[in-house]
Each structure stands twice: as structure tokens, then as C-alpha cells.
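Below is one structure, written out as C-alpha cells, with a few remarks after it.
The values are calculated or read from the model by the stated rules, or taken from the named source; none is laboratory data. The shown structure was predicted, so the numbers you read here are calculated from the model rather than taken from an experiment. Here the Cβ positions follow ideal geometry from the backbone for every residue, glycine too, while neighbour counts run over all protein chains shown.
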Amino acid sequence: MKIVKVILLSLIAVGLVFSFAFAAGDVAKGKALFNDQKFAGGTAGKSCNSCHPDGKGLEKSGIKKEFNLGGMKQTSLKEAVNTCITMALKGKALDPKSQEMKDMVAYIKSLEKKTPAAKTKGKE
């Protein structure tokens, strides 16, 4: 009976690990979406990368609590992404729970890690 409990608990643990892995976004897929001119049905002929080359200007977006885009206040990164999609790209807003949104958010959050530390070291 102990063996059955151990096996069941192990299966539950493995299942939880995989569910958390799939719940998070894929940075590489998010980067591909960020560079895709057809992302979210955009009709402006540009991608997120058109306004933010290599993510420039978004380095702290992953930690911000509030955004102000197009004269409107957004209270989450997902809202800000959708505002850019609808206003700048002329596309259709994503479902905030969609995998595409998770991937895009994961990519934008990864940009914080690419901020050059050398700029602050040189000013000491």
C-alpha cells in the first residue's frame, strides 16, 4: 500500500511540475511574435519590433505595475500589450489567458535581464 501512495504522490508532483512549465510563456515564441508583422492580425504592416527594436524601451516593463499608452492608463503588462496591438499594429487584442499572451509577456520580461550592467559600472 505504501508503494501505491509513493507512486501516486510522485505522479502528482510530476504533473504539477509540468503544469507550471506549460503555464509559463515561451520566450523564444514570444520573440517570434514580437517580430511578426502579421501578429494578431495586424494591418499596419509593422511588428512590435518596429517601434521597439530588439525590445528597446521595454527593459523595465516586466516589473512595472502601471502603464500610460495612447493617453490611457493600463494596470498590467497584458493590458499594455493589447493596447499596442490594437493601436499601433491595428490588430485584434489577445485573450489575456491565451498562450500567445503568455509567450509575449515572457519575452518582454526576459528583456530586463539583457540590460547592460556595464553602463552603471563605468560611472562609479
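Just to verify a result, which residue in segment 44-82, among those that are touching a residue at least 12 places away in the same chain (Cβ under 8 Å) and in a strand (DSSP E or B), is surrounded by the most Cβ atoms within 10 Å (Cβ to Cβ)?
Among those residues, the one meeting the criterion is PHE67.
Mind checking which residues of segment 65-102 are within 18 Å of LYS31 (Cα to Cα) and aliphatic (A, V, I, L, M)?
Listed by number, the residues that qualify are LEU77, ALA80, VAL81, ILE85, ALA88, LEU89, ALA93, LEU94, MET101.
Taking the stated definitions as given, is LEU69 more than 12 Å from ILE108 (Cβ to Cβ), at pLDDT below 95 and out of contact with any helix residue (DSSP H, G or I) (no Cβ under 7 Å at 6 or more places or on another chain)?
Considered against the rule, which asks whether it is more than 12 Å from ILE108 (Cβ to Cβ), at pLDDT below 95 and out of contact with any helix residue (DSSP H, G or I) (no Cβ under 7 Å at 6 or more places or on another chain), LEU69 comes out as no.
Do we have GLY41 as closer than 16 Å to SER110 by Cα and surrounded by fewer than 18 Cβ atoms within 10 Å (Cβ to Cβ) here?
no
Which one of the conditions (1) among the hydrophobic types (A, V, I, L, M, F, W, C); (2) at pLDDT below 95; (3) surrounded by 18 or more Cβ atoms within 10 Å (Cβ to Cβ); (4) out of contact with any strand residue (DSSP E or B) (no Cβ under 8 Å at 6 or more places or on another chain) does ALA21 fail to meet, given that it meets all the rest?
The single condition ALA21 does not satisfy is (3).
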